[in-house]
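In what follows, a structure is listed as structure tokens, so that the remarks can point back to it.
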């Protein structure tokens with residue numbers, strides 16, 4: 001389950017990470033690695049690319065690789081090498097179906113550039129990643145994909161349904177209209193009928209949100225259901241701490257719990273509070289934290 005990393009620039013210059021999993025063919029099969037590709041995103045040859053692609057956009061809790069392609073340890077090869085279990089990967093399933101899969105890390109998530117506010121203590125700043133900012137990031141990733149493929153499908157998960165919807169709404173209806181092959185909202189966000197403070201308290205957060213929050217592995221593991229898949233939990237957590245969201249202490253051994261940080265996300269739409277979906281649309285994932293998944297199916 002090899003992914004190719006691309007660095008794409010948003011309109012304001014923010015560096016964004018876009019992960020790619022392409023159908024295997026010929027000499028290119030298995031050649032893609034986990035090293036970032038050139039910042040010159042337009043340099044790739046699109047002549048051999050599949051005609052269709054799918055762009056996935058994560059929610060407010062988990063970045064794209066942890067949600068859409070977690071490195072879950074699986075079987076061993078005859079040579080004794082460990083193999084990853086690709087059955088949990090949305091990206092690999094898409095590539096196996098013949099379409100190139102892309103997954104965006106919105107700014108402040110995963111391996112994308114962090115807003116400056118996230119260098120300060122969380123209480124020093126308001127939420128730095130608004131729905132409008134994330135929509136701009138979606139636009140950059142979508143344009144990157146459409147430059148390579150004739151048709152691009154769009155999938156948003158949880159908060160990603162709001163950011164992708166905002167992206168589509170922001171596009172002009174004239175000559176610059178977005179030509180989306182299809183649009184899927186998975187676990188869509190809506191304005192809940194209860195108080196926002198009740199919602200965030202259910203996840204152990206203060207209603208007076210700062211720029212980000214920090215969670216360590218031990219605390220997240222305690223929230224995990226006893227019967228959940230341990231390998232999946234380890235894979236999701238591994239993806240989180242291997243990314244730019246890791247915030248290591250001054251001294252830490254590889255086996256010690258490592259905290260990860262997430263930017264606090266809020267919508268710019270008046271009257272709608274920061275966009276964590278209501279409990280009825282969520283379940284506790286094997287990452288240990290409340291993470292958004294489709295209502296059915298085998299997902300991270």
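The values are calculated or read from the model by the stated rules, or taken from the named source; none is laboratory data. Here the structure is a predicted model, which is why all the values come from computation and not from measurement. Don't worry about glycine lacking a Cβ; one is built from the backbone with ideal geometry, like all the others, and counts go over all protein chains shown.
Observations, loosely collected:
- Applying the criterion of being exposed (fewer than 14 other Cβ atoms within 10 Å of the Cβ) and touching a residue at least 24 places away in the same chain (Cβ under 8 Å) to the residues of region 183-201, the residue that is farthest from residue 55 (Cα to Cα) is 194.
Each row is one residue, and each column tells you yes or no for (1) outside any helix (DSSP H, G or I); (2) under 21 Å from residue 62 (Cα atoms).
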position: 114; (1), (2): yes, yes
position: 138; (1), (2): no, yes
position: 141; (1), (2): no, yes
position: 144; (1), (2): no, no
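Table: residues versus (1) over 18 Å from residue 241 (Cα atoms); (2) surrounded by 22 or more Cβ atoms within 10 Å (Cβ to Cβ); (3) within 14 Å of the chain's Cα centre (by Cα).
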| residue | (1), (2), (3) |
| --- | --- |
| 93 | yes, no, no |
| 97 | yes, no, no |
| 107 | no, yes, yes |
| 121 | yes, no, no |
| 125 | yes, no, no |
| 128 | yes, no, no |
| 132 | yes, no, no |
| 137 | yes, yes, yes |
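- For residue 62: the one exception among (1) within 20 Å of the chain's Cα centre (by Cα); (2) at pLDDT 95 or above; (3) within 22 Å of residue 135 (Cα to Cα): (2)
- Filter result (touching a residue at least 40 places away in the same chain (Cβ under 8 Å) and assigned to a helix (DSSP H, G or I)) within region 202-218: 202, 217
- Among the candidates 7, 28, 12, 21, the residue that is surrounded by fewer than 17 Cβ atoms within 10 Å (Cβ to Cβ) and modelled with pLDDT of 95 or more is uniquely 12.
- Single match in 42, 74, 80 (criterion: at pLDDT below 90, assigned to a helix (DSSP H, G or I) and surrounded by fewer than 17 Cβ atoms within 10 Å (Cβ to Cβ)): 42
- Meets criteria (part of a loop (DSSP other than H, G, I, E, B) and within 23 Å of residue 10 (Cα to Cα)) for residue 166: no
- Selection status of residue 189, in a helix (DSSP H, G or I), closer than 19 Å to residue 60 by Cβ and either modelled with pLDDT of 90 or more or under 22 Å from the mean Cα position of the chain (by Cα) (or both): no
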